[in-house]
Number of protein chains: 2
Amino acid sequence: MERKRIAIVGIGLIGGSLALQLNEKGLASKLTGVDSNRDHQKKALELGLVDEIMELDDAIESSEVIILAIPVDSMVKILPAILDKIDKQIVVDLGSTKEQLIAITKDHQKRGRLVATHPMWGTEYSGPQAAVHGAFENTAVIICNPNESDADALEWTKNMYKKIGMHLLEMDAVSHDLHAAYVSHISHITSFALANTVLEKEKEDEAIFELASAGFASTVRLAKSNPSMWVPIFMQNRENVLDVLNEHISQLRKFKSCLEKENYEYLQELIENANKIRRIIK
Amino acid sequence: MERKRIAIVGIGLIGGSLALQLNEKGLASKLTGVDSNRDHQKKALELGLVDEIMELDDAIESSEVIILAIPVDSMVKILPAILDKIDKQIVVDLGSTKEQLIAITKDHQKRGRLVATHPMWGTEYSGPQAAVHGAFENTAVIICNPNESDADALEWTKNMYKKIGMHLLEMDAVSHDLHAAYVSHISHITSFALANTVLEKEKEDEAIFELASAGFASTVRLAKSNPSMWVPIFMQNRENVLDVLNEHISQLRKFKSCLEKENYEYLQELIENANKIRRIIK
């Protein structure tokens, strides 16, 4: 795979971790970072995530591939302008929602240069200092509406993800957003709400966290996630997230009803059903 | 610390993992296993968790310490009978709920021999094959109502937990059950309910788990937990669990309302508040 000049727009957790992989797998002849946050620019250079920092327009001009790893609200704002400016460059977006992005670029004359992807990887931390080695490996990446991308752009992007060790899946943007609501976005809402539940209790009982166990930490760790990333995701995937949130509240109400009515046989059934997740999560 | 003849009643995840620690830290001169499940008896011997298997009455007679690591419904059933039978032995229970246990033993003439403890450690797996080396280390153990235990029994138990590398906390049983509802029991309910939410969707959309990420796995892993352990915990801690579950549902409704009303400023605030959990969970 020929090395390319690659610009990464947004050198935070995702962009920074991808930069490390592009370096380690020898996929970039030069890595250019673009970030509106000056501290992030400085940190990304210090950590050696990128070779240089440029303004967006210069980076577009001097790169063969432009990778977008920014919050999904900024994504839909700047993507059409980027497509306006490119010639033969490949543009790859890494956003967590896809329906709106695919819709607003649908009729752009450069639509073929865009490959819409969602690597199913992340942590609850953010910024370039959160970038980690070995990220993305052995996890799935979804390529959305691949038929709308040019063959060469699609091929390069797929090869990049394969080199990093990801499993490729293809899906239309509508299905993607529905699925993401169920197996990613709702987990963040339950975790944020659980954190708020216990933090609320802490106001009257300061010692409440003394018993916090590994199990609690596991269910609540996503609550550390960055609002500037997550609010735009919830905005763009509002309807799907509302559907799954309603279903989740109704599932919780079943547990509540069992306890209220002391119906422990049904409680047992609910837990046995939940245990079927063993089939999915090893 | 002098080695003692120790019987462990219930050689599953908790009893088995404790057996490994008692062996490794040289705290037992002999380890006797008691378990009503014949497969567990066999497996515990095969794995070398205990030196021998005995019936409960024989184990009580031939041991200096009796450790109870059984579901909390069995615990409150057999504990009074065990106290009836002991002479100078130390009895240590490891149950996840304490109010009922402390209440039913309160006036027993052998109450002093009992030390009521809750090590804040566990995994979502069960049975002797789930026992792991290094369990319990660097986590908290709560000693409930320590003033009701005899000094020698309390001292031995505290030293045992210290040798294993646990942090000791003391608490009355009522506070314990309240705290455990907030930082352990509710995590299991949210995880069971989240599993059921997504499994329900899978009925109409088989591919729903294709995108399952590490974040999802983290919030849902407790849903693999054993109902025979958890139903009795929820029964005994019903009122506290109901209180926290109601609060949790009302916190989730705030997220729902933000999305319905498209009030993204408040959504941002809710997430920023949840981020305060960073102070607790590193």
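Using +1 at the C-beta of Lys and Arg and -1 at the C-beta of Asp and Glu, which of A:250, A:23, A:34 has the Cα lying farthest in the positive direction of the dipole of the protein assembly as shown?
A:23
Do any of A:110/A:158; A:256/B:276; A:256/B:98; B:203/B:254; A:203/A:224; A:203/B:282 go past 25 Å between their Cα atoms, and which? Before the final figure, lay out the partial values.
On the way: A:110/A:158 19 Å; A:256/B:276 27 Å; A:256/B:98 21 Å; B:203/B:254 28 Å; A:203/A:224 19 Å; A:203/B:282 20 Å.
From A:110/A:158; A:256/B:276; A:256/B:98; B:203/B:254; A:203/A:224; A:203/B:282, over 25 Å: A:256/B:276; B:203/B:254.
Which percentage, to the nearest 5, of the DSSP beta bridges contained in chain B is antiparallel? The partial results should precede the final answer.
Working: 4 of 28 bridges.
So the antiparallel bridges amount to about 15 percent of the total.
Do any GluC sites (Glu not before Pro) in the stretch B:1-59 lie in a DSSP loop with no more than 15 other beta carbon atoms within 10 Å, and if so, which? Could the numbers behind the result be given before it?
Values: sites: B:2, B:24, B:46, B:52, B:55; in loops: B:2, B:55.
Here the GluC sites (Glu not before Pro) that fit, given the DSSP loop and packing criteria, are B:2, B:55.
Given the options A:149, A:133, A:47, identify the residue whose Cα lies farthest towards the positive end of the charge dipole of the stretch A:1-160 (+1 on Cβ of Lys, Arg; -1 on Cβ of Asp, Glu).
A:149
In nm, one decimal, shortest first: how far is the label point of residue B:80 (7 Å from Cα along Cα to beta carbon) from the matching points in the other copies?
Spacings between copies for this position, smallest first, are 7.5 nm.
If you average the C-alpha positions of the stretch A:1-58 and of the stretch A:122-179 separately, how far apart do those two centres end up, in angstrom?
Distance between centres, Cα-based: 17 Å.
Would you mind telling me the antiparallel percentage of the DSSP bridges in the protein assembly as shown, rounded to 5? Provide the component values of the computation, followed by the final result.
Working: 8 of 56 bridges.
Antiparallel bridges make up about 15 percent of those DSSP assigns within the protein assembly as shown.
If you filter the stretch B:35-142 for trypsin sites (Lys or Arg not before Pro), then keep DSSP loop positions with at most 15 other Cβ within 10 Å, what is left?
Sites meeting the loop and neighbour criteria: B:88, B:106.
State which helices in chain A qualify, where a helix is a whole DSSP H run, it must extend 27 Å or more along its own axis by its Cα atoms, and its mean Kyte-Doolittle hydropathy must be at least -1.0.
Values: long enough: A:238-261 (34 Å, -0.69).
Those that clear 27 Å and a mean of -1.0 are A:238-261.
Restrict the search to the stretch A:174-263; then list the trypsin sites (Lys or Arg not before Pro) that DSSP places in a loop and that have at most 16 other Cβ atoms within 10 Å of their Cβ.
Answer in residue order: A:203.
Every number in this text was worked out from the coordinates using simple rules, so none of it is lab data. Here the structure is a predicted model, which is why all the values come from computation and not from measurement. Cβ atoms come from the backbone with ideal geometry, glycine included; neighbour counts cover every protein chain shown.
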